[in-house]
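**Student:** Questions regarding the structure given below will be posed in turn.
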Amino acid sequence: MKYAVQFGAGNIGRGFMGQLFWEIGHKIVFVEADKDLVNAINKKGRYPLKLLDAYTKKEIDLEIDNLEAIHSKDIGNITDIITKADVICTAVGEKVLKDIAPVISSGLIKRSEISGKPIDIYLCENNLHAAEILKKEVIASTPIVSRDEVEAKTGFVGMVVSRMVPAASDRFGITDSLFAVADSYHKLHYDGKARKADPLPIEGMKPVDDFEAVFDRKLYTLNLTHAALGYLGFLKGYEYVHQPFDDKELDPIIEGAMEETSAALLDKYKGSLGAKEQKEIIKDTKIRFGNPLLMDSITRVARDPLRKLGNKDRLVGSANLCLEQDIYPENIAKICGAALNYDFSKDKSAIKMQGLISSDGIEKAINEITGVDPESRFGKDVISSYKYFKRNRK
């Protein structure tokens, strides 16, 4: 029996990695903090996964089985399964990596004593430096006497996850609490230089030499476009992210932003990214994000605007990338202005952001939130866009 240890049984854990490990016949062992989720997985031993294909417009129903779950505080059993695992994966969020590092260290130490076999830890954390963060925490949790062995036999491998996994809804008539819905995207790029064990025989899982280039391509193409659909769509009163593509005012802004970042990416990463592939990615992004079957909600995609407006995140980060390459991000400025208007009442980040704008004024708040100089050309355009969308929102 081959084992895949998956830290995190949430959207990506069940909606993507669970499927990939199931397809290659590994037993999936979820390590999860939610006791109810752990109990449900162990009781049922399987879960339904519905894939919504953007190209064929068909629904694909799978039943993922051969799995179990361990609660994240069950240190003994987690340590034991790591000694037998063929692969480890995380999808827990950057802030949780520090919390899981000690038990991973414990398992790796015991593993080195029993078999000494190398193992890779793949990170699905949407952070360029996630692998470095976990490695640092794991090594810090490892006694000095075992550090060299653990470091030599463990690959901390960053991954670029581009599958969309929206919240499951009752529209499909499936009441199973473990039910997951996702688009059918099956490609998964990872940092080929970081791997220590043999590659996994997963279809579509591909090593890359310049991980930063591929990660930035995803952040400043897919994530930027997703956010643009969310914030622009919210201000027009749309419910789902596929709808803004049909809006004659919004679609040119979204298209323009993709063209701006594409030019900047190709300029910055000459030799690592190609124009033909970038064009194909943009085409695929539009088809997948425009998939009406997915019905991905605007408010899910737009959540946490303070983070997404951060200086190195998908919005302002995209603008900075363009400015560094002498490409003016006219359309990204419009999207940033729209994002600053986001005020969904159930989003704590949005409410905090609106509080800052209300108390400090948009000129001061834009610098606090994004790091953008309000007196710069880009800053002035963002403020102008903010005021335009504020006047003209639905």
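Read-outs throughout are calculated quantities, based only on the coordinates presented, and are distinct from any laboratory measurement. Note that this is a predicted model, so its numbers are computed, not measured. Neighbour counts run over all protein chains shown; Cβ positions are idealised from the backbone, glycine included.
**Student:** Counting only pairs 8 or more residues apart or on different chains, how many lysine pairs in segment 53-160 have their Cα atoms under 22 Å apart?
**Tutor:** Taking segment 53-160 as the scope, the lysine pair count is 24.
**Student:** Let me ask something else. Using the Karplus equation 6.51 cos²θ - 1.76 cosθ + 1.60 (θ = phi - 60°), what ³J(HN,Hα) coupling, rounded to whole Hz, does each residue of segment 282-295 give in order, writing x for Gly and Pro?
**Tutor:** Whole-Hz 3J(HN,Hα) from phi for segment 282-295: 5, 4, 5, 4, 5, 5, 6, 6, x, 5, x, 5, 5, 6.
**Student:** Could you give the angle, 0 to 90 degrees to the nearest 10, between helix 97-114's Cα long axis and the longest principal axis of the Cα atoms of the chain?
**Tutor:** 30 degrees
**Student:** Helix-only estimate, please: 222 nm mean residue ellipticity of the chain, summing -39500 (n - 2.57) across DSSP H runs of length 4 or more and dividing by its residues, to the nearest 500.
**Tutor:** Result for the chain: -14000 deg cm²/dmol, rounded to the nearest 500.
**Student:** Select from segment 27-69 those trypsin sites (Lys or Arg not before Pro) which occupy a DSSP coil region and have at most 13 other Cβ atoms within 10 Å, ordered by residue number.
**Tutor:** Those that pass, being in a loop and sparsely packed, are K57, K58.
**Student:** In the chain, once you exclude exposed GluC sites (Glu not before Pro) (DSSP loop, at most 16 other Cβ within 10 angstrom), what's the longest stretch remaining?
**Tutor:** Details: sites that count: E203, E239, E249, E375.
My reading of the result: 1-202 is the longest stretch.
**Student:** A further question on this structure: Under a point-charge model restricted to the Cβ atoms of Lys and Arg (+1) and Asp and Glu (-1), what is the dipole moment magnitude of segment 136-200 relative to its Cα centre, in debye to the nearest 20?
**Tutor:** Values: 9 positive and 9 negative charges, 44 e Å.
Using only the charged Cβ atoms, the result is roughly 220 debye.
**Student:** Right, here's the next one. Of F289, L321, L265, whose Cα points farthest to the positive end of the dipole of segment 212-392 (charges on the beta-carbon: +1 Lys, Arg; -1 Asp, Glu; origin at the Cα centre)?
**Tutor:** Toward the positive end, the furthest listed residue is F289.
**Student:** Relative to the first principal axis of the alpha-carbon coordinates of the chain, what is the inclination of helix 250-268, with its axis defined by its Cα atoms, in degrees from 0 to 90 and to the nearest 10?
**Tutor:** Helix 250-268 sits at roughly 60 degrees to that axis.
**Student:** Among V145, V161, V181, which one moves the most in a GNM of the chain with springs linking Cα atoms closer than 10 Å?
**Tutor:** V145
**Student:** Expressed as a whole percent, how much of the Cα-Cα distance distribution for segment 260-336 exceeds 21 Å?
**Tutor:** For segment 260-336, the share of Cα pairs beyond 21 Å comes to 40 percent.
**Student:** Taking segment 233-280, which trypsin sites (Lys or Arg not before Pro) meet the DSSP loop condition and have no more than 16 other C-beta atoms within 10 Å?
**Tutor:** K248
**Student:** Amide H of V161 versus every other amide H placed in the peptide plane: which residues, excluding those fewer than 5 positions away on the same chain, fall under 5 Å?
**Tutor:** Those qualifying (amide H under 5 Å, at least 5 residues apart or on another chain) are N126.
**Student:** According to the square roots a ≥ b ≥ c of the eigenvalues of the Cα gyration tensor, what is the shape class of the chain, taking rounded for a/c under 1.5, prolate for a/b larger than b/c otherwise, and oblate for the remainder?
**Tutor:** Working: a/c = 1.82, a/b = 1.55, b/c = 1.17.
Note, shape of the chain comes out prolate.
**Student:** Please give every one of the aspartates and glutamates within straight-line cross-link reach of K196, meaning a C-alpha to C-alpha distance under 18 Å, and leave out same-chain neighbours fewer than 8 residues apart.
**Tutor:** D86, E113, D120, E132, D148, E149, E151, D209, D210
**Student:** With the Cα gyration tensor of segment 176-258 giving a ≥ b ≥ c as the square roots of its eigenvalues, does the rule (a/c under 1.5 for rounded; else a/b larger than b/c for prolate; else oblate) give rounded, prolate or oblate? Mind dumping the intermediate values first?
**Tutor:** On the way: a/c = 3.52, a/b = 1.71, b/c = 2.06.
Oblate shape, in that a/c is at least 1.5 and b/c is the bigger or equal ratio.
**Student:** Additional query: As a test of the definition: which semi-axes, in Å, follow for segment 212-392 when you take the square root of five times each eigenvalue of its alpha carbon gyration tensor? Largest first, please.
**Tutor:** 24, 20, 13
**Student:** If you don't mind, another one. Charges on Cβ only, +1 for Lys and Arg, -1 for Asp and Glu, centred on the Cα centroid of the chain; of H226, S358, G274, which one is farthest towards the dipole's positive end?
**Tutor:** Highest projection toward the positive end goes to S358.
**Student:** Mind telling me which of R303, R171, R147 comes out most flexible in a GNM of the chain, alpha-carbon contacts under 10 Å?
**Tutor:** R171
**Student:** A further question follows. Against the longest principal axis of the chain, how steep is helix 144-153, in degrees 0 to 90 to the nearest 10, with axes from Cα atoms?
**Tutor:** Roughly 70 degrees, rounded to the nearest 10.
**Student:** Follow-up question, since we're still on this one. If you place +1 on the Cβ of every Lys and Arg, -1 on the Cβ of every Asp and Glu, and leave all else neutral, what size is the dipole of the chain about its Cα centre, to the nearest 20 Debye?
**Tutor:** 460 debye
**Student:** Along the charge dipole of the chain, which of L235, S141, C89 sits closest to the positive end, that is, farthest toward it, with unit charges on the beta carbon of Lys, Arg, Asp and Glu (+1, +1, -1, -1)?
**Tutor:** Farthest along the dipole direction, towards plus: L235.
**Student:** Once you charge only the Cβ atoms, +1 for Lys and Arg and -1 for Asp and Glu, what is the size of the charge dipole of segment 212-392 about its Cα centre, to the nearest 20 debye?
**Tutor:** Values: 27 positive and 28 negative charges, 81 e Å.
So the magnitude is around 400 debye.
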